[in-house]
Amino acid sequence: MRQYDSPYAADWFAASMRWLMLVVLTLSLALRGQIWEPPFWALGAMFAWNVAMSALAGMNMRLPNHRYVVLGVDFLLAALYFWAQSAVSGGASIWSGIVPIVTGAIYFEMWGAFLAAFLFAILQFLALQYSFSSEILFTLAVGLAGGLIGRFGMRRVRAARQRRVDAEERRRRAETERMRAIYELSSTLTATLSYKRVLDSALDLGYNALNPSLDPEEERDERLVSAVLLIKGNELRVGSARRFTHADTRAILRGDDGILKKVLDEGEAVLTQDVGYDPELGRIVALRSCSSAYCFPLRSGFNVYGAMLFAHPDPNYFTNERRGLLDIIGRQAVIAVQNASLYQDLIEEKERMVEVQEETRKKLARDLHDGPTQSVAAMAMRINLVRRMMAKTPQDAMDELQKIEELAHRTTKEIRHMLFTLRPLILESQGLNAALQAMAEKMRETFTQNVLINVDESVLENMEMGKQGVIFYIIEEAVNNARKHASAAHIWVRLRPFEPEIALLEIEDDGIGFDVAAVHRSYDKRGSLGMINLRERTELVTGLLNIDSAPGKGTRIQVYIPLSEEAADRLHHAKR
């Protein structure tokens, strides 16, 4: 016996018709009062045979040469019933041969039914002692009718079965195609770090997943409209789109009304049946021919990058299965966008580091030119002057040599201060507080600048050395700016706890102050990058920078420094 994946409709029809005929023949025996007589036992054998056939059909199993065996057994059992009934009553029911005729019609159509009827007619002819009767004509007529019905009926059954098989095959192929599309999506999106390629790939693979190519000759649905909308500032711009007009791709959306507002605010996908009437998306010309749309956010944690939109004229197009596929594509696209964003940040960080290094070289060159270089040039001129004075007024030459010595000492201090700020070894060995105290001391010795340090050591207990180094350079940059531009008598540096896991760094001076807004407006025309350096170094510790100043009122710089990832999220969300 062999077992099959799907049931055979012919086996079920044969078993069902056999049960029907058994009921008819049983009623016939009951009306004739022949229950428990030989025909009844023959009918019992047919009953047991049909139980076995029904069980095989239920288990999707078949005997070797199943159709021939079943037809042969049905014919033998029908013949046994016919002979038993003939022996008891001297005649037989005209329905005796209907079972093998129906079986032949189901399994072999016209020829099976007519052959079974012809053989049963011969059996009847022999039972009637070689005489021709109406029963034989009835059997032949039933065979002919059964053959015709079987021919057309079984063709329809086979056609329906083939349609089901084809539909199942198409479903399997569609599922395979979708899985292949998802695999390609993962492979493609993880293989590129370009924003444009990521967005294009997400839309293309979304289209392929929703419209799998099952038949090369079958036309694919080209009415699907799709787009990726990316957040830039406070606006949504079209990052990539399919079937958008040129004007649509330049559209700027605010995301403060309709579907986009709901998607971005709630972070959940939205299915709509009237996208053309949306207050914002209704401006998109390509969406005016669409009825249904499925829009879902591109987000990871608290970060929202934008939204993906798919629309179609069919109001019932976005089934649960298709929405599930789009959700998978959205999640994969978010990962790829994150990777592309991180890669872009790395490129920008690399460029920024090059700029910072270049600015550091320029700053070092300026400091050397304005400080030690000028001092060394002055010493050279004075030495030349002393050489001349020694020939005329030796006493004046001694006074000048003393001034040169003082200038040399001051120049040495300036160089040592520059070396200290370039690499403060005390920071690595003794920590931030000691490095700041050393910096304040060098400021007093070198520039007679009063710098007052107040650091709460509890802030530094669990702070990694890299973050302490960044904080040192923030303070060094701010103090130098105050020394050079503020004409301040005092500069205060304070580092203390602000909130749980958040520290506050303040650099305050009593100098002349400045107009912060005016400086920001004209900053691109200035040669100095002091404020930019402060902002970039603040970003290195994921902090927030605030500068408060006014002419004649001094300057106060505040840097809020998170000490954990949770505090960083809390700090930046509080800013929003």
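Could you please find all residues in the stretch 500-518 being under 16 Å from Leu545 (Cα atoms) and out of contact with any Ser or Thr (no Cβ under 6 Å at 6 or more places or on another chain)?
Ile502, Ala503, Leu504, Leu505, Glu506, Ile507, Glu508, Ala517 - these are the residues of the stretch 500-518 that are under 16 Å from Leu545 (Cα atoms) and out of contact with any Ser or Thr (no Cβ under 6 Å at 6 or more places or on another chain).
For (1) in contact with a Ser or Thr (Cβ under 6 Å, 6 or more places away or on another chain); (2) among the acidic types (Asp, Glu); (3) modelled with pLDDT of 85 or more; (4) outside any strand (DSSP E or B), each residue gets a yes or a no:
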position: Phe472; (1), (2), (3), (4): no, no, yes, yes
position: Ala482; (1), (2), (3), (4): no, no, yes, yes
position: Arg537; (1), (2), (3), (4): no, no, no, yes
position: Tyr560; (1), (2), (3), (4): no, no, yes, no
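Of everything in the stretch 57-79, what is part of a helix (DSSP H, G or I) and buried (at least 18 other Cβ atoms within 10 Å of the Cβ)? Give them in sequence order.
Ala57, His66, Arg67, Val70, Leu71, Val73, Asp74, Phe75, Leu77, Ala78, Ala79
Are there any strands (runs of 3 or more DSSP E) wholly within the stretch 198-287 with 1 or more residues that are at pLDDT below 85 and out of contact with any Ser or Thr (no Cβ under 6 Å at 6 or more places or on another chain), and if so which?
225-232
Just name the residue that is nearest to the chain's Cα centre (by Cα) out of those in the stretch 506-520 that are surrounded by 14 or more Cβ atoms within 10 Å (Cβ to Cβ) and part of a loop (DSSP other than H, G, I, E, B).
Step by step, filter the stretch 506-520, then rank; the result is Phe514.
Checking the conditions here, which among Phe310, Phe318 is in contact (Cβ under 8 Å) with a residue 24 or more places away in the chain, within 19 Å of Asp200 (Cβ to Cβ) and in contact with a Ser or Thr (Cβ under 6 Å, 6 or more places away or on another chain)?
Phe310 is the lone residue from the list that is in contact (Cβ under 8 Å) with a residue 24 or more places away in the chain, within 19 Å of Asp200 (Cβ to Cβ) and in contact with a Ser or Thr (Cβ under 6 Å, 6 or more places away or on another chain).
For the stretch 166-187, check the following and say yes or no: at least one residue is in the same structural domain as Leu25 (by TED's automatic domain parsing), at pLDDT below 75 and either aromatic (Phe, Trp, Tyr) or in contact with a helix residue (DSSP H, G or I) (Cβ under 8 Å, 6 or more places away or on another chain) (or both).
no
Please state which one of Ala482, Ala478, Ala488, Ala503 is surrounded by 17 or more Cβ atoms within 10 Å (Cβ to Cβ), within 21 Å of Gln430 (Cβ to Cβ) and in contact (Cβ under 8 Å) with a residue 12 or more places away in the chain.
Result: Ala503 is the single residue among Ala482, Ala478, Ala488, Ala503 that is surrounded by 17 or more Cβ atoms within 10 Å (Cβ to Cβ), within 21 Å of Gln430 (Cβ to Cβ) and in contact (Cβ under 8 Å) with a residue 12 or more places away in the chain.
When the residues of the stretch 450-464 are narrowed to those that are in contact with a strand residue (DSSP E or B) (Cβ under 7 Å, 6 or more places away or on another chain) and within 23 Å of Asp509 (Cα to Cα), which ends up surrounded by the most Cβ atoms within 10 Å (Cβ to Cβ)?
Val451
For the stretch 289-340, give me the residue count where each residue is part of a strand (DSSP E or B) and under 17 Å from Ile231 (Cα atoms).
Residues that pass the stated criteria total 13.
From Ile94, Ile106, which residue is under 21 Å from Leu25 (Cα atoms) and at pLDDT below 70?
Ile94
(1) closer than 23 Å to Ile561 by Cβ; (2) in the same structural domain as Asp510 (by TED's automatic domain parsing); (3) at pLDDT below 85; (4) part of a helix (DSSP H, G or I): which one isn't true of Glu445, the others all being true?
(1)
The values are calculated or read from the model by the stated rules, or taken from the named source; none is laboratory data. All figures in this text were calculated on a predicted structure; none of them were measured in a lab. Heads up, the Cβs are rebuilt from the backbone with ideal geometry, glycines too, and the neighbour counts pull from every protein chain shown.
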